[in-house]
Amino acid sequence: MSRIESFKRALEEKRAVKIIAGIDNFDAESVKKVVMAASNSGASAIDICANPEIISMARSMTELPLFVSSIEPEELAHAVVLGADAVELGNFDALYKKGMTFSASQVLSLAKRTKELIEDTFFCVTIPGELEMSEQIKLARELEMLGVDLIQTEGHFSNEAPSNGARGLLERAELTISNTIELSRNIELPIMTATGINPTTAALAFAAGASAIGCGSCVNKLDSEISMIAVSRSLVEIAERNAHKVMEMV
């Protein structure tokens with residue numbers, strides 16, 4: 001089974017876990033730790049930036065499916081040449097910090113250009129969480145018609161300090177989970193829920209209709225490799241439990 005086929009199987013079984021190093025993370029040592037944590041925890045895939053050196057390093061380290069994220073179609077096409085198994089238009093959440101915004105028409109235009117360049121490569125597109133729900137649904141349907149393989153949701157970026165404890169974790173994930181619920185009702189494509197997904201909120205994402213979760217800061221912001229592996233394993237265990245529940249319901 002090829003690397004991307006193994007990810008597709010995890011999607012079908014609603015147990016896919018993608019560990020995200022960060023679209024703007026160009027620190028080789030940081031990315032290396034994320035790759036090792038994902039590889040040693042049984043994660044389904046790793047998501048990295050489109051930097052050629054980072055891609056080559058990650059590809060040499062692991063046989064896990066490698067997602068490369070960017071908002072530049074040409075960078076995504078080049079990532080495929082360098083060994084990416086999948087490309088992702090997004091994640092936009094990290095770019096909001098720089099004052100960037102993305103309209104539905106911009107995302108669709110970028111997706112069309114990317115699709116022309118990557119041919120049959122597995123293609124994921126992030127739906128901007130800043131869009132009104134009606135716009136998100138319309139964009140998701142247009143992307144489905146375009147032949148995109150996976151939709152990723154996201155939440156709302158805020159500079160405000162979150163509440164303490166579990167409440168803060170739930171607040172950060174609330175919008176992306178609600179977006180997952182609405183989109184899962186309106187499209188047939190599998191959905192990956194991202195932004196604020198961690199061991200506290202992962203089960204909620206799957207319950208909302210996600211086939212996959214994208215987890216970044218709960219892993220890549222940790223200081224030790226042991227902690228990163230432990231959190232990644234926790235996420236994988238939650239995903240596996242969801243797969244078992246789904247099988248029992250069939």
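Points to keep in mind about this one:
- All of (1) under 21 Å from Ala84 (Cα atoms); (2) at pLDDT 95 or above hold for Asp120 with one exception: (2).
- Taken over segment 141-151, the residue count meeting the criterion of being assigned to a helix (DSSP H, G or I), in contact with a helix residue (DSSP H, G or I) (Cβ under 9 Å, 6 or more places away or on another chain) and surrounded by fewer than 23 Cβ atoms within 10 Å (Cβ to Cβ) is 2.
- Scan of segment 188-216 for residues that are part of a loop (DSSP other than H, G, I, E, B) and at negative phi, ordered by number: Glu188, Leu189, Pro190, Ile197, Asn198, Pro199, Thr200, Thr201, Ala208, Ala210, Ser211, Gly216
- Here segment 9-28 is the region considered, the condition is being at pLDDT 95 or above and among the aliphatic types (A, V, I, L, M), and the residue that is farthest from Arg241 (Cα to Cα) is Ala28.
- The set of residues in segment 46-71 that are in contact (Cβ under 8 Å) with a residue 40 or more places away in the chain and within 14 Å of Val31 (Cβ to Cβ) comprises Asp47, Leu64, Leu66, Phe67, Ser69.
- Any hit, segment 41-56, residues being at pLDDT below 95 and either over 24 Å from Glu154 (Cα atoms) or not charged (D, E, K, R) (or both): no
- Just one residue in the set Gly22, Gly99 is under 24 Å from Thr153 (Cβ atoms), part of a loop (DSSP other than H, G, I, E, B) and free of Cβ contacts under 8 Å to residues at least 24 places away in the same chain; that residue is Gly99.
- Test: residue in segment 72-79 that is farther than 22 Å from Ser217 by Cα and crowded, with 23+ Cβ neighbours inside 10 Å: yes
- Applying the set (1) within 20 Å of Asn51 (Cβ to Cβ); (2) within 18 Å of the chain's Cα centre (by Cα); (3) outside any helix (DSSP H, G or I) to Pro128 leaves exactly one unmet item: (1).
- Qualifying residue in segment 82-92 (condition: modelled with pLDDT under 95 and assigned to a loop (DSSP other than H, G, I, E, B)): yes
- Failed item, numbered, when Gly216 is tested on (1) small (Gly, Ala, Ser); (2) without any contact (Cβ under 8 Å) to a residue 24 or more places away in the chain; (3) crowded, with 24+ Cβ neighbours inside 10 Å: (2)
The values are calculated or read from the model by the stated rules, or taken from the named source; none is laboratory data. Worth saying up front: this structure is predicted, and the values here are computed from it rather than measured. When we count neighbours, we look across all protein chains shown, and the Cβ atoms used for this are built from the backbone with ideal geometry, even at glycine.
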